[in-house]
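First the structure, in the form of structure tokens, and then the observations on it.
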Amino acid sequence: MLRKPGICQKPVITLYETPAYAACGMAVGAEPTGVPENGGVADEILFGWQYEVLEEKDSFYKIRTHYGYEGWIAAEEYVPMESVGGAGVCYDAQNSGCAMQLFQVCQNIADVLEAERVQARRITTLYAGSLIWAEKDSALGDSSAAARLLQPGWRRVFLPDGMGGLRDGYMRSRFLEPCQGQEQWRKWAPQRPEEAFRESIVQTAYSYLGTQYRWGGKTACGIDCSGLAFMSYFRNGILIWRDAAIKEGYPIHEIPIEQAKPGDLLFFPGHVAIYLGNGKIIHATGHPESSCVTFNSLREGEPGYREDLKNSMCAAGSIF
């Protein structure tokens, strides 16, 4: 079976359940023009995320993401890992001799600009959870002309040019936070005390409040129920299964529903929500009355009460 590593070098790429039949010919960041053949949208992968090509069919590749999910992308969207040049080796392990450091985008929508000023031309726009190389703090304080000219509040980032080189860009420093690399998520161990971690999960979910419901979505442009749960954990360093289910081999394990605490997950047939405590949840829902990331209650008589969810709740899950 075919095995070759790739990396997402668009802001977002759509994965389909089955090969799509139309040629894409897309501009950067555009959505596929084709229609899936006997299958729909499965998932999205973001800038800097790695994957492995498993199979080729017509003009499409079947891939497995670094978190174990599978789907089909257009062959022309495939970017081999070697095309990122020497920086590629740093994606899974920090290189202490490298002037670059891997960062995760922590702003829901963040522009990469040609210069460190708001008037500069936009190179691309990335979404929260994207992974990008940027200049280390130590490099910002050196005596190079480039470092001396960098304006406060900005960080130089590096975008692979597809030819083994890197192109400079600039992003607000507060839109980035250090990241240990994709291999580190597989350890599934929160780096903070339990209560702080739970609160961070909840706050990350809050950041998507009002985002429209989009099947298979994972960004502030559109997100689904399992996408919200996945991103709330992913952005805090934990990989959970992408679908609305508890899957063996991933850190979420079933707990008694009555023991659920804020940050835990509540499961319903084909649906998942993040528990906030006191009977309240935050979730991405396609319900006609909201169709977005919203709050609801599982307690009768309270604002936003959803009787259908209360009656169909089937499990709770936690990493603790």
Checking G222 against (1) out of contact with any Pro (no Cβ under 7 Å at 6 or more places or on another chain); (2) of a type outside the set (D, E, K, R); (3) open to solvent by 10 Å² or more (accessible area, probe 1.4 Å), which test does it fail?
-> (3)
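Mind listing just one residue for me: the one in the range 10-29 that is open to solvent by 40 Å² or more (accessible area, probe 1.4 Å) and farther than 24 Å from D243 by Cα and, of those, modelled with the highest pLDDT?
Looking at residues that are open to solvent by 40 Å² or more (accessible area, probe 1.4 Å) and farther than 24 Å from D243 by Cα, I get Y21.
Could you please find all residues in the range 251-266 being open to solvent by 10 Å² or more (accessible area, probe 1.4 Å) and modelled with pLDDT of 95 or more?
Passing the criteria: I252, H253, E254, I255, P256, I257, E258, Q259, A260, K261, P262.
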Going through the range 179-201 one residue at a time, which ones are modelled with pLDDT of 90 or more and open to solvent by 40 Å² or more (accessible area, probe 1.4 Å)?
-> P193, E194, E195, A196, E199
In the range 300-309, what count of residues is obtained for those that are surrounded by fewer than 18 Cβ atoms within 10 Å (Cβ to Cβ) and closer than 22 Å to I201 by Cα?
-> 1
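The values are calculated or read from the model by the stated rules, or taken from the named source; none is laboratory data. None of the values given here were measured: they were computed from a predicted structure. Every residue, glycine among them, receives a Cβ derived from its backbone with ideal geometry; neighbour counts consider all protein chains shown. These area figures cover heavy atoms from the full protein model, side chains too; ligands, DNA and RNA do not enter into them. Shrake-Rupley method; radii C 1.70, N 1.55, O 1.52, S 1.80 Å.
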